[in-house]
Amino acid sequence: METENFINIDSKNLTIWKPKKENDKKVAIVYFHGGGLIFGNRNDLPKLYTDLFLQEGFTIFSYDYPLAPEATLSEINETIFKIYCSFAEEYYKDNFKEVFLFGRSAGAYLCLVLAKRISNYNTLPTPKGIIDFYGYYDLKSTFLKEPSPYYNTFGKVQDTILESFSIKDKSADNNTKALRYSLYVYARQNGSLLDIWRTKEEDLEVYSLTEKDFDLLPPLFITASSGDKDVPMSQSKNLFRKHQKSYARWVYYLDHDFDRNINDETGKNVYIECINWINNLIKKDSNYPLEI
């Protein structure tokens, strides 16, 4: 099936994928990319998956956001909230019946924190659900502040890489993808992600989710791999256990971003299952918790 793909000409940080009019279900998916809040961009979702969403009649809004260390953790999260407010004002009203948040890895983290904040605003559209691909929710987790055994099998990234980044320039456009990824590896090798994000002590509470926050969240579709060496699968498992309206689709022995490999049917199958979950939520016939 042919799909229409276009970039919103009014904004440099947004790509919109729209289904054919006759197939449009008036469902918006607001997507945030991964990359440890240090690298990545809004167009990282493989076409195979965007096409699956489009064929089902869903519209995808994919946003860029400022990256660390040019932007602080607080500035990134505040920007995500402003992006959602802008989406609600410019696109949602009169155009969509439902909205879902979708993030992969750090993008999933941003979605969870965003949903927590949206719950305090009755003027904003409440997400029907959150699609959480191998994300995390707790900034106090040890994997964020301890050296990673996995990344320390890589070649050592030297401290001099920090000289390539200026916190005075928040555009985050001046450094290459390779350089930004090297900074991420450096942060993981040294257990300094929170430092690269320029995290304040109070941020650990404000921009994390606690168990009492889970009741504020809409239904969740959670997936992660047992072979994840980047973000511990326990983050996803704990979230599933503690949030009553969760649907979990676990995969085994694959990498962190297992859906990156489009030649492996696993990723496609998980997305198809996710689409079925969305349709069931819209029909309001889901039973929770569900685990596969």
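Listed here are the residues, each with its yes/no results for (1) among the aromatic types (F, W, Y); (2) buried (at least 22 other Cβ atoms within 10 Å of the Cβ); (3) modelled with pLDDT of 95 or more.
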residue	(1), (2), (3)
G103	no, yes, yes
G107	no, yes, yes
L112	no, yes, yes
R117	no, no, yes
N122	no, no, no
*Could you tell me whether Y253 is at pLDDT below 95, assigned to a loop (DSSP other than H, G, I, E, B) and more than 23 Å from T50 (Cα to Cα)?*
no
*How many residues are in contact with a Pro (Cβ under 6 Å, 6 or more places away or on another chain) and under 22 Å from I196 (Cβ atoms) when one looks only at the range 119-149?*
1
*Filtering the range 219-250 down to residues that are basic (K, R) and not in a helix (DSSP H, G or I), which residue is surrounded by the fewest Cβ atoms within 10 Å (Cβ to Cβ)?*
K229
*Please state which one of L209, L216, L179 is over 30 Å from N279 (Cα atoms) and either touching a helix residue (DSSP H, G or I) at 6+ places or on another chain (Cβ under 8 Å) or not hydroxyl-bearing (S, T, Y) (or both).*
L179
*Can you tell me which residue within the range 173-185, out of those that are at pLDDT 95 or above and of a type outside the set (G, A, S), is surrounded by the fewest Cβ atoms within 10 Å (Cβ to Cβ)?*
L179
*Looking only at the range 186-218, which residues are crowded, with 21+ Cβ neighbours inside 10 Å and of a type outside the set (S, T, Y)?*
A187, R188, L193, I196, W197, L209, L217
*Of the residues that make up the range 189-212, is at least one touching a Gly at 6+ places or on another chain (Cβ under 9 Å) and among the hydroxyl-bearing types (S, T, Y)?*
no
*Inside the range 77-134, can you point out the residues that are under 25 Å from I272 (Cα atoms), in a helix (DSSP H, G or I) and over 11 Å from the mean Cα position of the chain (by Cα)?*
Y92, A115
*Among (1) over 29 Å from K116 (Cβ atoms); (2) modelled with pLDDT under 95; (3) not in a helix (DSSP H, G or I); (4) not aliphatic (A, V, I, L, M), where does K170 come up short?*
(1)
_Positions within the range 61-75 being surrounded by fewer than 21 Cβ atoms within 10 Å (Cβ to Cβ) and outside any loop (DSSP other than H, G, I, E, B), in sequence order_ = S74, E75
*Return yes or no: is D132 closer than 29 Å to S226 by Cα, touching a residue at least 12 places away in the same chain (Cβ under 8 Å) and surrounded by fewer than 18 Cβ atoms within 10 Å (Cβ to Cβ)?*
no
*asked:* Of everything in the range 100-133, what is closer than 17 Å to N43 by Cα and small (G, A, S)? Give them in sequence order.
replied: G103, S105, A106, G107, A108
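The values are calculated or read from the model by the stated rules, or taken from the named source; none is laboratory data. Everything numeric in this text was worked out from a predicted model, so none of it was measured. Note that we place each Cβ from the backbone using ideal geometry, even for glycine, and neighbour counts take in every protein chain shown.
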